[in-house]
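Structure, as structure tokens:
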Amino acid sequence: MRCPFCNFEDTKVIDSRPSDEKKRRRRECTNCGKRFTTYEVIEKPTLMVYKRDGSFEPFDRDKLVKGIRSALKKRPISVDQVNKMVDEIENTYANAMQTETTTSEIGDKVLHGLKELDLVAYVRFASVYKDFNDLDSFISIIKELS
């Protein structure tokens, strides 16, 4: 790390502590003795999603949260529970250093999470995700849950 004051290459870390999603470090230049703060952020690989129409687009966390929230409308599930579920999905890909996935794989992970959280939301999400066209589709998924 270069000193921002004298541009010397060698600095030492005096203090290090977590701050939000970052790591805050107080540093001291070994040449001029001045102190400064740096923030270290974990860089996640960009996840590209292969869509049903054959196109690719970057993973959009807000889009996923919005879809889950619409399935959870008027259900007793907190925003924190939704964020935790989406965090787990994102971390699965980041930990595997996976840079590509499909919408169906993400949808399956959401269904798995919703099955544990709320069965009504599970059926709602499945009806859109699996494109239910008739009453038999709803009946079969409800029988599956019973």
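Remarks
- C-alpha center-to-center spacing [segment 1-39, segment 79-125] in angstrom: 38 Å
- Note on E40 and C6: their simple-model spin labels are 2.4 nm apart, each label 7 Å out from Cα toward Cβ.
- Candidate lysines - alpha carbon under 16 Å from K22, same-chain residues fewer than 8 apart omitted: K44
- Relative to the Cα centre, the charge distribution of segment 33-79, modelled as +1 at Lys and Arg Cβ and -1 at Asp and Glu Cβ, gives a dipole magnitude of about 360 debye.
- Arranged from fewest to most other beta-carbon atoms within 10 Å of their beta carbon, Y39, Y129 become Y39, Y129.
- Most positive-pole-ward Cα, I14, T99, S137, against dipole of the chain from beta carbon charges: I14
- With a Förster radius of 25 Å applied to the beta-carbon distance between L135 and T103, the computed FRET efficiency rounds to 0.50.
- Along the axis of the charge dipole computed for segment 1-79 (Cβ charges of +1 for Lys and Arg, -1 for Asp and Glu, origin at the Cα centre), the listed residues T37, F5, P58 are led at the positive end by P58.
- The label-point distance for S70 and D53, in a model that sets each label 7 Å from Cα toward Cβ, rounds to 1.5 nm.
- Structure-based [θ]222 nm, the chain - -39500 (n - 2.57) summed over DSSP H runs of at least 4, per residue, nearest 500: -14000 deg cm²/dmol
- Using a simple spin-label model with pseudo-atoms 7 Å out from Cα toward Cβ, S78 and E28 lie 4.2 nm apart.
- Dipole magnitude for the chain: about 760 debye, using +1 per Lys or Arg Cβ and -1 per Asp or Glu Cβ, origin at the Cα centre.
Every number here is computed from the coordinates shown, using simple stated rules; none is lab data. Fair warning: this is a prediction, and the values are worked out from it, not measured in the lab. All Cβ positions, glycine included, derive from the backbone under ideal geometry; neighbour counts span all protein chains shown.
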